[in-house]
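Shown next, in structure tokens, is the structure this report addresses.
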Amino acid sequence: MNFITRYFFNKYIAENKIDRSINITSLDKAKNVGIICDITTEDTYKEIYAVFAGLQNTRRSAWLIGYIDEKTVPFYCLQQLTADFFCYKDLNWFGRPEKVQINDFIQTEFDLLIDFSQESYPAILALLELSHAHFIVGGAAPKAKYYDLLINTPDKLSHKELLQNIERYTKKLSGEAL
């Protein structure tokens, strides 16, 4: 991003950032889970969708938002009622997402919001900054200031392994496991 667009993007985020009340919730107790990810390949999509489908099968509400850093959403990213994808053309001139589904996602008060993205795309940072989620968890160390809990590991984990670590550590923090 150039200087002017970055300035207006940061100004918008600063003006619209909300004060969230942090409520530590384990993955097992969370009834409403949000997932943010970046889709780079079809294999990434399949891996994240398997994790998403697994969460949906456990009597909880799950919503997936995926960002693709291209001009169009690839054919393999299937839009569904609770799985939305957006791309570069869905951003306004200074990088803020401009889709109704994204605004609805931001306004939803998730018990737990999980960030599976590895890159620091401005669109994803905007979702993290503006979210009304009660507890935000992620595994990308450069974005630690956006999380309430950073799962930092020396090795790059698969999405499933990251989810297992999130489950383990949120149970410990909420007092469910000793």
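FYI, it's all coordinate maths here, none of it is from the lab. Worth saying up front: this structure is predicted, and the values here are computed from it rather than measured. When we count neighbours, we look across all protein chains shown, and the Cβ atoms used for this are built from the backbone with ideal geometry, even at glycine.
Assuming a ≥ b ≥ c are the square roots of the Cα gyration tensor eigenvalues, decide whether segment 1-141 counts as rounded (a/c under 1.5), prolate (otherwise, with a/b larger than b/c) or oblate. It is oblate, given that a/c is not under 1.5 and a/b is not larger than b/c.
When I13, I48 are arranged by Cβ crowding within 10 Å, least crowded first, meaning fewest neighbours, the order is I13, I48. Under a 5 Å amide H cut-off, with hydrogens placed 1.01 Å from N, A133 pairs with F110 among residues at least 5 apart or on other chains. Distances between placed amide hydrogens fall under 5 Å for A83 paired with L64, all partners being 5 or more residues away or on another chain.
Applying a DSSP loop filter and a limit of 15 other Cβ atoms within 10 Å to the chymotrypsin sites (Phe, Trp or Tyr not before Pro) in segment 51-95 leaves F75, Y76, W93. In segment 3-174, Cα pairs under 8 Å separated by at least six residues give a relative contact order of 28 percent. What shape does segment 1-71 have by the C-alpha gyration tensor, where a ≥ b ≥ c are the square roots of the eigenvalues, rounded means a/c under 1.5, and otherwise prolate means a/b greater than b/c and oblate the rest? Oblate.
Between the C-alpha center of segment 74-95 and that of segment 137-177 there is a gap of 25 Å. Loop-resident GluC sites (Glu not before Pro) (DSSP state other than H, G, I, E or B) in segment 1-106 with no more than 15 further Cβ atoms inside 10 Å of their Cβ: E70, E98. What does DSSP give for the chain in terms of the percent of beta bridges that are antiparallel, rounded to the nearest 5? If we restrict to bridges inside the chain, about 10 percent are antiparallel. Couplings 3J(HN,Hα) of segment 112-118, computed from phi: 9, 10, 10, 9, 8, 6, 9 Hz, in residue order, whole Hz [Karplus 6.51 cos²θ - 1.76 cosθ + 1.60, θ = phi - 60°; x for Gly and Pro]. Using θ = phi - 60° in the Karplus curve 6.51 cos²θ - 1.76 cosθ + 1.60, the 3J(HN,Hα) couplings for segment 21-37 round to 9, 7, 10, 5, 10, 6, 4, 5, 8, 5, 8, 10, 10, x, 10, 10, 8 Hz; x is entered for Gly and Pro. Entry note, the chain: the mean residue ellipticity at 222 nm calculated from DSSP H runs of n ≥ 4, each adding -39500 (n - 2.57), is -11000 deg cm²/dmol after division by the residues and rounding to the nearest 500. Checking every one of the trypsin sites (Lys or Arg not before Pro) in segment 1-87 against DSSP loop status and a limit of 16 other Cβ atoms within 10 Å picks out K17, R20, K29, K31, R59, R60, K71.
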